[in-house]
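Take a look at the structure below.
The values are calculated or read from the model by the stated rules, or taken from the named source; none is laboratory data. Remember, predicted model here, so these are calculated numbers, not experimental data. Every residue, glycine among them, receives a Cβ derived from its backbone with ideal geometry; neighbour counts consider all protein chains shown. For the accessible areas, the whole protein counts, side chains as well, though only heavy atoms, and no ligand, DNA or RNA atoms are used. Shrake-Rupley method; radii C 1.70, N 1.55, O 1.52, S 1.80 Å.
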Amino acid sequence: MRAKSIKGVPEQFEGSFHDTESQKNIIVPAVLDNKFKILKQRFYSINNWKDYTGTGFADFDLFNSLGIYVHRDPRVGDFIRINIPGPGNVGSKGYDWVRIDKIIVTTDAEKEMHLINCRPSASPKGNPNHIEHFYSECATSTFIIEKRIDYIKVGIYGRNEIPNKKNIGILSKIRNFLVTFGGFLKLTKIQWKTLADGMLDF
């Protein structure tokens, strides 16, 4: 099986990948527009993503480029701190970090699309050479919401997911290997599906 080719999603070269999608068909235009308005609010409220995954899944917190916790829409250069279930990141108080590299909005007569692209990073107040994540900095996660004529969709796309082995100790290497290739890999993919479904649960 090959990774889907989607505009705005990085190409798959190595490691694992996933294409996680959830769709809701709505044929009444006024209802479609209203539900997509709600979906946009959920999409950009990263601190509330936990509300759509339930207990036992990851927490997400938005930080600005200086490492200050913020309650606002995300911006390029912001960081997302992730607290996943299972073995925590040894070097960052149990947290994993990603940086927001792109935010893209496109609209035309047939669709409206919002995209957030992230990749593993150092923590904003940590060693800039130390990637605080179980995946390497080559990996990406792309979050997309989309409105078409008769449906709305949430897509989460992982690309080039290989374990982080750079500038970390042996315990972190073991943890990253277990998360990437062990049972936690399946759990993270279930988590993304739960988040996509939850965002469309009105």
Worksheet item: Which of the pairs Lys111/Lys165; Lys24/Lys125; Lys7/Lys189; Lys24/Lys102; Lys165/Lys189; Lys4/Lys165 have their Cα atoms more than 31 Å apart in this structure?
Response: Lys111/Lys165; Lys24/Lys125
Practice prompt. Order these peptides, 52-64, 148-160, by their mean beta-carbon neighbour count within 10 angstrom, highest first.
Written response: 148-160, 52-64
Fill in: Sites Asn129 and Asp108 - FRET efficiency at Förster radius 41 Å, r taken between beta-carbons, to 0.05
0.45
Worksheet item: Mind checking the dipole of the range 1-126: about its Cα centre, +1 per Lys or Arg Cβ, -1 per Asp or Glu Cβ, Debye to the nearest 20?
Response: 200
Item to complete: Starting from the Cα-Cα distance between Met1 and Asp150, subtract it from 0.36 nm times their residue separation and give me the gain in nm to one decimal.
Response: 50.8 nm
Response to the item:
Averaged over all viewing directions, the convex hull of the alpha carbons in the range 1-155 casts a projected area in nm² of 10.2
Worksheet, complete the sentence: Using a 1.4 Å probe on heavy atoms of the protein chains only, the accessible area for Trp192 in Å², nearest 10, reads 30
